1. Return yes or no: is A:VAL53 at pLDDT 95 or above, under 10 Å from the mean Cα position of the chain (by Cα) and within 17 Å of A:GLU110 (Cα to Cα)?
2. Search the range B:348-377 for residues being of a type in the set (Val, Ile, Thr) and closer than 13 Å to B:LEU309 by Cα, and hand back the single one that is surrounded by the fewest Cβ atoms within 10 Å (Cβ to Cβ).
3. Just give me the residues in the range A:14-45 being of a type in the set (Lys, Arg) and touching a helix residue (DSSP H, G or I) at 6+ places or on another chain (Cβ under 7 Å), in sequence order.
4. Tally the residues that are more than 20 Å from B:GLY227 (Cβ to Cβ) and among the charged types (D, E, K, R), restricting the search to the range B:28-60.
5. For A:VAL111, are the conditions met, namely being modelled with pLDDT of 95 or more and within 12 Å of another protein chain (Cβ to nearest Cβ)?
6. Just the residues that are assigned to a helix (DSSP H, G or I) and out of contact with any strand residue (DSSP E or B) (no Cβ under 8 Å at 6 or more places or on another chain), please, taken from the range B:262-299.
7. Of everything in the range A:48-62, what is open to solvent by less than 10 Å² (accessible area, probe 1.4 Å) and more than 7 Å from chain B (Cβ to nearest Cβ)? Give them in sequence order.
8. Quick one: which of B:SER388, B:SER348 is within 12 Å of chain A (Cβ to nearest Cβ), more than 28 Å from A:MET9 (Cα to Cα) and among the polar types (S, T, N, Q)?
Amino acid sequence: MALYSEKVMDHFRNPRNVGVIEDADAVGEVGNAKCGDIMKIYLKIDNDVITDVKFETFGCGSAIASASMATELIKGKPLSEALELTNRAVVEALDGLPTHKIHCSVLAEEVIKAALKDYYDRNGIAYDPAMFPDDHDCENCELH
Amino acid sequence: MTIYADNAATTRLSDAALQAMIPFLTDNYGNPSSLHSVGQRANEALTAARESVAGSLGAQPREITFTSGGSEADNQAIMTAAALGAKKGKKHIVSTAFEHHAVLHTLNKLQKQGYEITLLDVHENGMVTPEQVAEAIREDTCLVTVMTANNEIGTIQPIKEIAAVCREKKVLCHTDAVQAVGHIPVDVKDLGVDMLSLSGHKFHGPKGVGALYCRRGILLSSLIEGGAQERGKRAGTENIAGIVGMAAALEESVRNLADNMAKMQRVRDRLIEGLGEIEHSVLNGDRAQRLPGNVNYCFEGIEGESILLLLDDKGVCASSGSACTSGSLDPSHVLLAIGRPHEIAHGSLRLSIDETMTLNDADYIIRSVKETVALLRGMSPVWRDLVSGKKEFITK
């Protein structure tokens, strides 16, 4: 069996929504180069709907594919829906990831949350801090 | 089209090896321990293979023990020296931080059993010095084990000088020569080592077979108990086809050594120069003291596994020391040992060529790597930060 599913390879070879939005309404960044994965995401938000999304990733094939898939899953969606995106949904949409690559989908979930938090902070919108756990812990990447 | 540039991982079985093996996979299926003629034919082949391997290394046949591969040979050499040392109350071992895991993990095991291990730092150019070894040896040192050539960055260590230090201080000297045998001249008497490990599939022999050279006068301990094969030092019916194939491959490699080295060095140097044109890249390992077939670069701002996947799409098979390829969170211990920060160690690429690679292949690889690096940098937030000056480049 190949390391990755066809879906993962497709999103790795032809990542959707790669790039930068200069006048983004929200930006999120998670991971660090020391661990070997960084994801950055840029959102345009209009009337609580994500109208455009771009991403950049430093990382392995599954990190790039997870970020690409995550952008597809939230594009055009209301913020409330994007907030509920789980890493499991990313994994399922990619037809699975190898166990030791699950952390890539965790980063994809976290980067979206980081961007949404940025949006709330920028616009003075109140939120429950429990929705946005602190820094990513590489040792605790699990499917949830 | 496939360009295989991962010969440090494994090599293609040579035709000479295959032809030598076939009779022992078909008609000559005897057990060398059997008294009948079918068994004795196998025994003769075993004897001839031992003479051949010994001859290729400048050793005596009785100094060669066949094993299941390089890892077993490393394990057996280290456990032997540790057992001999313990009898004299000597339980200190000197090695280096960038050994193969077959050595490092065996040393870890010994450490848990009460041995003290000193791992020498490796200089930024991927070399350790005989002076470092001399300084590290203590009254209670029972073994020095330093690899002949590093499997990731290809640097060739001053084993002859290190062995001389060991001899002077009366400490056993082992070298893991898995990457060196069949690639550069290796003569055990010239090197002056007490033990040396090698692996068949690194020089166009079959997988699952290797050998341990152990100088006459050193009593090997066995890892596998059972029958009296290999003079009681390695039980289990011999892998005759493997052993015969390895001997044939080694003979051929040694016979063509000078030619192959010259061919490979030319292609290697083209690769090193071509990839060096990529901005913010750094060659890992000394430029001169390196295996004829090894090229290892770090490219700043990108990650190794994605480089490999894109190269594979272009038909180029290579490897990387990134965490993602190692299955752990840390990148290669070799790159960390030579002082590469995690950030750039993740972006490493190893190309290990054999004598069949052409300059045209090298040019294709250079083009492919350049395209791949540019593509991945184009989507890397790290690269963006470096270029915009938000972060400082580590490489030049």
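The values are calculated or read from the model by the stated rules, or taken from the named source; none is laboratory data. Please read these numbers as outputs of a predicted model, since none were measured by experiment. Neighbour counts run over all protein chains shown; Cβ positions are idealised from the backbone, glycine included. Areas reflect the complete protein model, heavy atoms only, side chains present, ligands, DNA and RNA absent. Shrake-Rupley method; radii C 1.70, N 1.55, O 1.52, S 1.80 Å.
1. When the stated conditions are applied, A:VAL53 does not pass them.
2. That would be B:THR372.
3. Listed by number, the residues that qualify are A:ARG16, A:LYS34, A:LYS40.
4. Summing the residues that are more than 20 Å from B:GLY227 (Cβ to Cβ) and among the charged types (D, E, K, R) in the range B:28-60 gives 1.
5. Working: modelled with pLDDT of 95 or more: yes; within 12 Å of another protein chain (Cβ to nearest Cβ): yes.
Spelling it out, A:VAL111 is indeed modelled with pLDDT of 95 or more and within 12 Å of another protein chain (Cβ to nearest Cβ).
6. Taking the range B:262-299 first, the residues assigned to a helix (DSSP H, G or I) are B:262-276.
Matches in the range B:262-299: B:ALA262, B:LYS263, B:MET264, B:GLN265, B:ARG266, B:VAL267, B:ASP269, B:ARG270, B:GLU273, B:GLY274.
7. A:ILE50, A:VAL53, A:PHE55, A:SER62
8. B:SER388
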